[in-house]
Amino acid sequence: MREVAIIGVGMNEWGELWEKPLREIFVEAALLAIDDAGVKRIDSMYVGSMSSGLFVGQEHIASLLADYLGMTPIPSARVESACASGGLALRQGFIDVASGMSEIVLVGGVEKMTDVGGGEATFALGTAADQEYECYHGVTFPGLYALIAKAHMHQYGTTREQMAMVAVKNHRNGSKNPAAQYPFEITVDDVLKSTLVADPLRLLDCSPITDGAAAAVLCPVELAKKLKKDPIVKIIGSGHATDFTALHSKEDITWPAATAKAAERAYKMSEKKPGDIDFVEVHDCFTIAEICVTEALGLFEKGQGGKAVEKGLTSLEGKIPVNTSGGLKSKGHPVGATGIAQVIEVVKQFREEAGERQVKDAKIGMTQNMGGTGGSCLVHIFEKE
Amino acid sequence: MTGIVGYGAYIPRYRIKVEEIAKVWGADAPAYKKGLMLEEKSVPFPDQDTITLSVEASKNALQRADIDPREIGAVYVGSESHPYAVKPSGTIVAEAVGANPDCHCADFEFACKAGTEAMYVCYGLVKAGEFKYGLAVGADTSQGAPGDALEYSASAGAAAFIFGKEKVFAEVEATYSYMSDTPDFWRREYQYYPQHGGRFTGEQAYFKHILGAARGIIEKTNAQPEDFNHVIFHQPNGKFPLKVGKMLGFSREQIEAGLLVPKIGNTYSGSSPLGLTAVLDIAKSGERILIVSFGSGAGSDAFIFRVTERINEVRDKAPKTREMIDGKKFYVDYGTYAKFRGKILKG
């Protein structure tokens, strides 16, 4: 297996992009990534998109996006793993380069979510859960994560305030990220007084609906060195795992087992352990998700994720900064693009282009991108050389 | 100079509180009250509709104008809740106020800006000399689907204006219109309740068009925000007009006199026109007023008025708008409201 490097990243404005169609949103990000990489050709591409069909009525975006990027006839594939589609695109690109099948691969993610109303968006997102056994009974994603939050509070004494602190921290980081959809700070009180969505989760516990795309260019480390890239951003671990789709099938709903398994695989491949990681981007689709995930990644003991946030261990200055980009909460969550945007934050940190949110001496970074209530998960570990 | 010679308002006496609606739907009343600055809204009685509200407001306008109704050469009613799909509201209003039969009559519809649209056309034809006086009304008994965010604001009310060249107390200094094809809110034929594009109704619809019309009229007249004593914007909730006012450089004080939505809700075609009646109730001679409506679909009409001495002679001749808002009123529960609005029908 060849070593793989990330040589270019691109991300344009995120938010409510009323004036732009899906193809334009993607092509803008992809061209930025290609320009950043300084390459003249792409051998293949992988695009993560959770539900372009339900959001904009467009399937077959693999060819559509290659077409509008001016890249036909290259092989192009759309990959889907709900909110982990972007992370999956990265892994497919990684495998493609590592195997020797392709030299230069574009990986990206895109979602255009605001062309539909709130009800339709809730339905589209709900398809990441088990339609027949969960959704038909009326549950929505905030409802499922509310159950997880209640269980975590009950089992480990996690408090309402600790969950709020996740949002406060991520917004503080996001306020330092010009690319964030909501780049402003909030307080614990703001979270606790925001509109109740699904008890105990309130509006400011939930990541937003976002239009956006992100893209990155991968190639063998050898080639990256020839191109004189500095620093070399290496993908040293890739872990992918699945778990029960339906929440009720899980043995412990507070334990994202696919995340734990994917992390185990990524740690093994990279020969790293939790203590080696300098910073991590995780899938905080809801505040409680970040708490559960940091435990499953082995960064904190089981049940201690809430307390870790309260102690400031996950803040920018803490022991292990989590979501320096602002996370899904502040940066935005165009579901298919999220997994790639996480990687972009890693590259920015390694290049020391993160401005006020720069993590000092960041050498090893990790991303965790999760689908649904944890039915699928991608964990990647990166090293700066 | 052409302008307003008579104005009148009408607001039904029934009200429902935000808490009462929120209670039924398990919604967060404090969030609606704080976020949208809505407290309560007017509810039409079962025997009231756009036509009866228009007649009431028109009668008040006629009392102030003190003219022979037979001199009214046009009756224009703007609404998105005309009781008939085919058959005008305006003919009934014209007959009721005695303006018929030598009269041009038309109904207007352009979501919430149908009222100012009627005013715009009426003013233009009076200015052109087509008829001596013209009556323009904005009225609605607006619809909000049960449980929809609109249900907290969709209310009822009417404002009527008589335009002429004699006895003018609010001269029209300028007009401006701004529109685009923007599907932010609509109701198709045979549908009872409108649909809307959620957050798309904000920046891309309300703000874009109000800013377009307001900036257009300000530029056209070389005016500055401080040149206006009062400004009125369409009021779908309390937050939007204050926000758009701030974006244009107006102070809260300039907006407050005409801001009625927290107490009566969004009267749709009556919304900014009713705000204008409340401002005329207190305006002083020489003051300048800017009004900018908004209608989904979408567009905005803007007018600049200059108030004359004559305002002091007419304003007390009919009930004032704030008196109707703060005067005798009856609160209804959701069940009564649902019956009044035809949301439930007797089996």
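Points to keep in mind about this one:
- Subset of region A:10-34 (residues that are surrounded by 20 or more Cβ atoms within 10 Å (Cβ to Cβ) and of a type in the set (A, V, I, L, M)): A:M11, A:L17, A:L22, A:I25, A:V27, A:A29, A:A30, A:A33, A:I34
- Residues within region B:31-50 that are more than 29 Å from B:K87 (Cα to Cα) and outside any strand (DSSP E or B), tallied: 9
- Scanning region A:16-48 for residues being part of a helix (DSSP H, G or I) and of a type in the set (D, E, K, R) gives a total of 5.
Okay, residues lined up against (1) modelled with pLDDT under 95; (2) of a type in the set (V, I, T); (3) under 30 Å from A:L17 (Cα atoms):
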| site | (1), (2), (3) |
| --- | --- |
| A:M165 | no, no, yes |
| A:V168 | no, yes, yes |
| A:V197 | yes, yes, yes |
| A:L218 | no, no, yes |
| A:T245 | no, yes, no |
| A:W255 | no, no, no |
| A:A258 | no, no, no |
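- Identity of the residue in region A:14-35, among the acidic types (D, E) and within 14 Å of chain B (Cβ to nearest Cβ), that ends up farthest from A:G327 (Cα to Cα): A:E19
- Subset of region A:95-104 (residues that are part of a helix (DSSP H, G or I) and surrounded by fewer than 24 Cβ atoms within 10 Å (Cβ to Cβ)): A:I95, A:D96, A:A98, A:S99
- Note on region B:221-239: residues that are under 29 Å from B:S285 (Cβ atoms) and either in a helix (DSSP H, G or I) or within 14 Å of another protein chain (Cβ to nearest Cβ) (or both) total 3.
- Single residue of A:T158, A:T127 found to be more than 15 Å from A:C206 (Cα to Cα) and crowded, with 23+ Cβ neighbours inside 10 Å: A:T158
- Any hit, region A:61-73, residues being more than 14 Å from every other protein chain (Cβ to nearest Cβ), in a loop (DSSP other than H, G, I, E, B) and closer than 21 Å to A:E13 by Cα: yes
- Candidate set: region B:167-192, residues that are part of a loop (DSSP other than H, G, I, E, B) and surrounded by fewer than 16 Cβ atoms within 10 Å (Cβ to Cβ); chosen: the one nearest to the other protein chains (Cβ to nearest Cβ): B:P183
- Any hit, region A:152-166, residues being within 14 Å of another protein chain (Cβ to nearest Cβ) and either aliphatic (A, V, I, L, M) or within 23 Å of A:T122 (Cβ to Cβ) (or both): no
- Inter-residue pairs, beta-carbon under 8 Å, first more than 14 Å from every other protein chain (Cβ to nearest Cβ) and β-branched (V, I, T) and in region A:114-140, second surrounded by 20 or more Cβ atoms within 10 Å (Cβ to Cβ) and not in a helix (DSSP H, G or I), 6+ apart: A:T127/A:S51; A:T127/A:A82; A:V139/A:A129; A:T140/A:A198
- For region B:142-154, the count of residues that are under 19 Å from the mean Cα position of the chain (by Cα), on the phi < 0 side of the Ramachandran plot and assigned to a strand (DSSP E or B) is nonzero.
- Candidates are the residues of region B:51-69 that are part of a helix (DSSP H, G or I) and free of Cβ contacts under 8 Å to residues at least 40 places away in the same chain; the one that is farthest from the chain's Cα centre (by Cα) is B:P69.
Matching residues to (1) assigned to a helix (DSSP H, G or I); (2) hydroxyl-bearing (S, T, Y); (3) without any contact (Cβ under 8 Å) to a residue 40 or more places away in the chain:
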position: A:E290; (1), (2), (3): yes, no, no
position: A:V309; (1), (2), (3): yes, no, no
position: A:S315; (1), (2), (3): no, yes, no
position: A:A341; (1), (2), (3): yes, no, no
position: A:Q349; (1), (2), (3): yes, no, no
position: A:E353; (1), (2), (3): no, no, yes
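- Residue match in region A:48-66 (condition: in contact (Cβ under 8 Å) with a residue 60 or more places away in the chain and within 26 Å of A:I232 (Cα to Cα)): yes
- The residues of region A:183-241 that are under 18 Å from the mean Cα position of the chain (by Cα), within 14 Å of chain B (Cβ to nearest Cβ) and not in a strand (DSSP E or B), listed by number, are A:P208, A:I209, A:T210.
- Top-ranked residue in region B:8-30 [being part of a helix (DSSP H, G or I) and either touching a strand residue (DSSP E or B) at 6+ places or on another chain (Cβ under 7 Å) or of a type in the set (G, A, S) (or both); ranked as farthest from the other protein chains (Cβ to nearest Cβ)]: B:V18
- Which listed residue, of B:I210, B:I218, is more than 14 Å from chain A (Cβ to nearest Cβ), over 19 Å from the mean Cα position of the chain (by Cα), crowded, with 19+ Cβ neighbours inside 10 Å and hydrophobic (A, V, I, L, M, F, W, C): B:I218
The values are calculated or read from the model by the stated rules, or taken from the named source; none is laboratory data. Keep in mind that what you see is a predicted model, and the values were worked out from it rather than measured. Glycine gets a Cβ as well: all are built from the backbone with ideal geometry, and neighbour counts include every protein chain shown.
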